[in-house]
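Here is the structure we will look at.
The values are calculated or read from the model by the stated rules, or taken from the named source; none is laboratory data. Please read these numbers as outputs of a predicted model, since none were measured by experiment. Every residue, glycine among them, receives a Cβ derived from its backbone with ideal geometry; neighbour counts consider all protein chains shown.
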Amino acid sequence: MGKLHRIAMTLLTLSAMMTAHSQVAVCDMQGAREICDSRPLAAPEGIWLYPDDQVSVLISRSAPEGPNSLERYDITVVDSSDAGISPGAVIGRLESTPDSRSYRMTLFTDRKAGRLCAPKECLATLDKEGDVFLVKSKRVRIRINPFSVLPRFWRVARVSTDDPLQKLPVGMIRLYPSYDGNGSTRRMPRHL
């Protein structure tokens, strides 16, 4: 009976661990706030806005892959202006790195037959205040100079294709929980 009891206790413990770390269905902003309010949050956890695509996401701890694995976080859509991405869809993952402010971010970049695919990795860095994630990815630029075949013309003409808007930082802004507990952000303070 001792061996059967140990097996039952092990299964019960594993079941409790899986339940504690299981993916919670997120359907709206209120549900995401309830998840944030129901447990202590790590630095990257919370509700974030990706302004370039007008997508709000919940970053929440996911189940550990093993006893010695680093923290991992799921990126789940809470609200989107894109009708093709529904709330509750897991669109990526964050993985801890040795630097406590830097994370390996994997995001799906394409959809085929209604499923997200083509994951791409990038670096996500949390700022000092914990309100902004700056995201940087590899960019390969190939510039072809049409005038390089005309050496004399090249001495006179200069062509530039630099777009200053491409130098703007890309990232996410924390929406919830707020830094002061009253719902305002450092970028949009609430005036009384």
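Of all residues in the range 102-115, exactly one satisfies the criterion of being assigned to a loop (DSSP other than H, G, I, E, B) and either modelled with pLDDT of 95 or more or of a type in the set (A, V, I, L, M) (or both), namely A113. Of the residues P67, P44, the single one that is under 14 Å from Y176 (Cβ atoms) and in a loop (DSSP other than H, G, I, E, B) is P44.
Put simply, of D28, D53, D74 the only residue that is charged (D, E, K, R), in contact with a strand residue (DSSP E or B) (Cβ under 9 Å, 6 or more places away or on another chain), more than 16 Å from I173 (Cβ to Cβ) and modelled with pLDDT under 90 is D28.
Close Cβ contacts (under 8 Å, 6 or more residues apart or on different chains) running from residues in the range 93-114 that are over 15 Å from L126 (Cα atoms) to residues that are among the aliphatic types (A, V, I, L, M) and modelled with pLDDT under 90 comprise F108/L116; F108/A118; T109/A118; D110/L116; D110/A118. Take the conditions without any contact (Cβ under 8 Å) to a residue 40 or more places away in the chain and on the phi > 0 side of the Ramachandran plot and apply them to A118. Does it pass? Against the criterion (without any contact (Cβ under 8 Å) to a residue 40 or more places away in the chain and on the phi > 0 side of the Ramachandran plot), A118 qualifies. Looking at V132, V140, just one residue is of a type in the set (A, V, I, L, M, F, W, C) and at pLDDT 90 or above, and that residue is V132.
Of everything in the range 70-89 that is touching a Lys or Arg at 6+ places or on another chain (Cβ under 7 Å) and assigned to a loop (DSSP other than H, G, I, E, B), the residue that is surrounded by the fewest Cβ atoms within 10 Å (Cβ to Cβ) is G84.
Looking at the structure I just gave you, is R6 at pLDDT 55 or above and not in a loop (DSSP other than H, G, I, E, B)?
On the way: at pLDDT 55 or above: yes; not in a loop (DSSP other than H, G, I, E, B): yes.
It is true that R6 is at pLDDT 55 or above and not in a loop (DSSP other than H, G, I, E, B).
With respect to A118, determine if the residue is assigned to a strand (DSSP E or B) and modelled with pLDDT under 90. Spelling it out, A118 is indeed assigned to a strand (DSSP E or B) and modelled with pLDDT under 90. Is it the case, given these coordinates, that K120 is among the basic types (K, R) and either buried (at least 19 other Cβ atoms within 10 Å of the Cβ) or closer than 21 Å to L175 by Cα (or both)? The answer is no for K120. With respect to the conditions (1) farther than 20 Å from E129 by Cβ; (2) crowded, with 17+ Cβ neighbours inside 10 Å, Y50 lacks only one, and its number is (1). One residue stands out in the range 49-64 among those that are in contact with a Gly (Cβ under 9 Å, 6 or more places away or on another chain) and in a strand (DSSP E or B): the one that is farthest from E95 (Cα to Cα), namely Y50.
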